[in-house]
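To keep things clear, I will list the structure first and then write my remarks on it.
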Amino acid sequence: MDYQAIVNWLDVALVLAFLFFSLFLWYYFLYFAVAAKRPKRLPRSFNYAKFALLIPARNESKVIRNILNACSKLNYPRDKFEVYVIVESIDDPTCNIVEEYGFKVVVRGDLTNRRTKGFALDDAYQEIKKSGIVYDAFMIFDADNVMNSDYLKLMNDVYQAGYQVGVGYRSFTNATKNWVCGCSATLFSFMNQFTSRGRSKFFEKATLTGTGYFIKREIVDNEGGWIWNGMTEDVQLTTYCYYHNIKMHYYPFARYFDEQPEKFSILNKQHVRWLWGFFASRKRFKEQTNVYPCDNKLKRRFSLIEYNSSIYPFIAFAVVATLTSFASFGLFIASLIDNSAQSGWLFVHFLFQFTILYLIFIFISAFTIAIDNKNLKFTTSQCIVICLTYIIFFSSFVMALFNGLFHKEKRTDWKTIEHTGNIIDEQALRSEEDGKRR
C-alpha cells in the first residue's frame with residue numbers, strides 16, 4: 001500500500017478544510033476583539049414598557065417556586081408587568097403554587113399536535129388577546145430560570161432604545177456542578193460573549209437561545225399569533241428576525257440563569273432535538289411578509305450571509321479533521337498488519353492530525369473562559385478539566401447527528417428534561433432567596 005500518497009491526500013484535505021474555515025470565519029476575529037472590550041450601558045429610561053412574562057411550565061411544580069420568587073423580587077413597577085404560567089391541566093400542582101404568589105395561570109386547551117413550547121406560548125398569547133389586556137412586549141422564560149432583580153428594568157432600557165427584540169446574558173444555576181454543566185456553560189458563554197455581542201455590535205442582531213428575551217407585541221400581532229412553534233422555536237424566531245429586518249440587541253448587564261442537565265446521557269437527548277431542529281426547514285420564516293424598514297441594506301445583506309454561513313465552515317473543518325484523524329489511525333493499524341516499516345511515522349502523523357483538532361477545541365474553550373470567567377466563576381482545576389474535555393462534550397453533537405440520522409422519530413420526539421431546582425450559582429441563589437423573603 002502506498003501510504004505516502006494516501007497521507008498526502010489527507011493532508012491536502014485538512015489544509016483545504018482549514019482554508020475554507022479561515023476564509024469564511026475571518027470576522028470572528030472582530031467578534032473576539034468586541035468580546036475583549038468592556039460593554040457599554042444603554043441610557044437608563046424612566047418610561048416603563050408593560051411586559052407580559054410568559055413561562056411554559058408543564059409538570060414543573062418541583063422548580064416553579066424558584067422563578068416565582070425571583071419574579072416577586074423584580075425591581076420594576078408592579079402595574080407594568082404580569083406573570084403568566086402556562087400549564088396543560090388544571091390538576092397540575094403548579095396552578096396552586098402560582099396562585100399563592102398572585103400571578104396568573106393559563107390552562108391550555110386542545111393539545112392535538114400542539115405539544116411544543118411554541119404552541120404553549122401561542123395559547124398564552126391568544127388568551128391574553130381575548131382578555132383585552134394590551135402589553136408592549138412579551139418576555140419569555142422557562143420554569144427552571146431565575147433572573148436578577150434588575151432584569152426587567154435593564155430590558156426596558158433595551159426596549160426604550162428602539163430595539164424590537166432584546167436578550168440578556170444567559171448564565172447557569174448549576175455551572176460548577178460537574179464537567180457536563182461546566183462545558184455547557186462554556187458553550188453558551190461563547191454564544192453570549194462572541195456570537196451575540198458581535199452580531200449585536202455589527203448587525204443589530206443576536207442569537208436567541210430559548211429564553212430570557214423579549215419581543216414586541218406588534219411583531220406577534222402582525223403574524224396573528226406565536227408562529228414559531230417547531231422543535232427549536234428560538235432558531236425559528238432568530239431566522240425570522242434576520243429576514244424581517246427586526247432590530248435585536250444583546251445586553252450582557254441583564255443576567256438570567258438556567259438549569260442544565262447534569263448527566264451526559266440526558267444532555268445528548270437534548271442535543272438531538274437542538275441539532276435536528278436547527279437543520280429543519282426554516283423556509284416559512286424567510287418569506288418576505290411583514291418586513292420592517294431597513295436603514296442599511298448593505299449591513300442587512302452581510303448579516304444574512306453571516307447568519308446563513310456561520311456554523312457550516314466550522315462543521316466542515318471539524319468533520320474533515322475528524323475523518324482525516326480516523327483515516328490516519330486506520331493507516332497506522334493497516335501498517336501494523338502489513339508489518340510495514342512506516343508504522344512509527346504513520347502513528348506520529350495520526351497524533352499530528354488529532355492534535356490539530358484537539359487544540360482547536362482547547363483554544364475555543366480556554367479563550368472563552370479567559371474572557372468570561374468573571375461570570376463563570378470556575379476554579380483553576382475546573383478550567384483545566386473543561387478545556388481538556390471540551391472535545392468530548394462536543395462529541396455529543398456528533399452522536400446526536402447519527403442518532404437522528406438512523407432514528408428519524410427522535411428528531412421530533414419532545415423529551416421532557418426533568419429539573420432538580422437546585423441552585424448553586426451565588427447570584428442566582430441570591431435572586432431566588434431574596435424573592436422568597438419578600
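So here's what we get for this one:
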| item | result |
| --- | --- |
| Test: residue in segment 112-135 that is closer than 27 Å to residue 39 by Cβ and open to solvent by less than 10 Å² (accessible area, probe 1.4 Å) | no |
| Residues of segment 390-408 classified as out of contact with any Cys (no Cβ under 7 Å at 6 or more places or on another chain), closer than 17 Å to residue 189 by Cα and modelled with pLDDT of 90 or more, total | 1 |
| Candidates 36, 70, 124, 120 - the one that is under 30 Å from residue 205 (Cα atoms), among the small types (Gly, Ala, Ser) and touching a Ser or Thr at 6+ places or on another chain (Cβ under 6 Å) | 70 |
| Top-ranked residue in segment 209-222 [being farther than 16 Å from residue 255 by Cβ and among the hydrophobic types (A, V, I, L, M, F, W, C); ranked as surrounded by the fewest Cβ atoms within 10 Å (Cβ to Cβ)] | 219 |
| Flag for residue 289 being among the polar types (S, T, N, Q) and closer than 30 Å to residue 363 by Cα | no |
| Failed criterion for residue 234 (all others in (1) under 15 Å from residue 139 (Cα atoms); (2) outside any helix (DSSP H, G or I) hold) | (2) |
| Residue list for segment 52-102, filter: among the small types (Gly, Ala, Ser), within 19 Å of residue 127 (Cα to Cα) and either modelled with pLDDT of 95 or more or open to solvent by 30 Å² or more (accessible area, probe 1.4 Å) (or both) | 52, 89, 102 |
| Flag if residue 245 is modelled with pLDDT of 90 or more and at positive phi | yes |
| Any hit, segment 183-197, residues being of a type in the set (Gly, Ala, Ser), closer than 21 Å to residue 237 by Cβ and buried (at least 24 other Cβ atoms within 10 Å of the Cβ) | yes |
| Pair list, Cβ under 8 Å, 6 or more apart: segment 86-114 residue closer than 13 Å to residue 61 by Cβ, other residue among the basic types (Lys, Arg) and assigned to a loop (DSSP other than H, G, I, E, B) | 87/58; 87/108; 88/58; 88/108; 92/58 |
| Residues of segment 33-57 classified as under 21 Å from the mean Cα position of the chain (by Cα) and not in a helix (DSSP H, G or I), total | 6 |
| Output for segment 247-284, where each listed residue is more than 18 Å from residue 210 (Cβ to Cβ) and hydrophobic (A, V, I, L, M, F, W, C) | 253, 264 |
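The values are calculated or read from the model by the stated rules, or taken from the named source; none is laboratory data. Bear in mind that the values here come from a model prediction, so they are computed numbers and not experimental data. In this analysis, Cβ positions are derived from the backbone assuming ideal geometry, glycine residues included, and neighbour counts consider all displayed protein chains. Quick note on the areas: whole protein, heavy atoms, side chains included, nothing else; ligands and nucleic acids left out. Shrake-Rupley method; radii C 1.70, N 1.55, O 1.52, S 1.80 Å.
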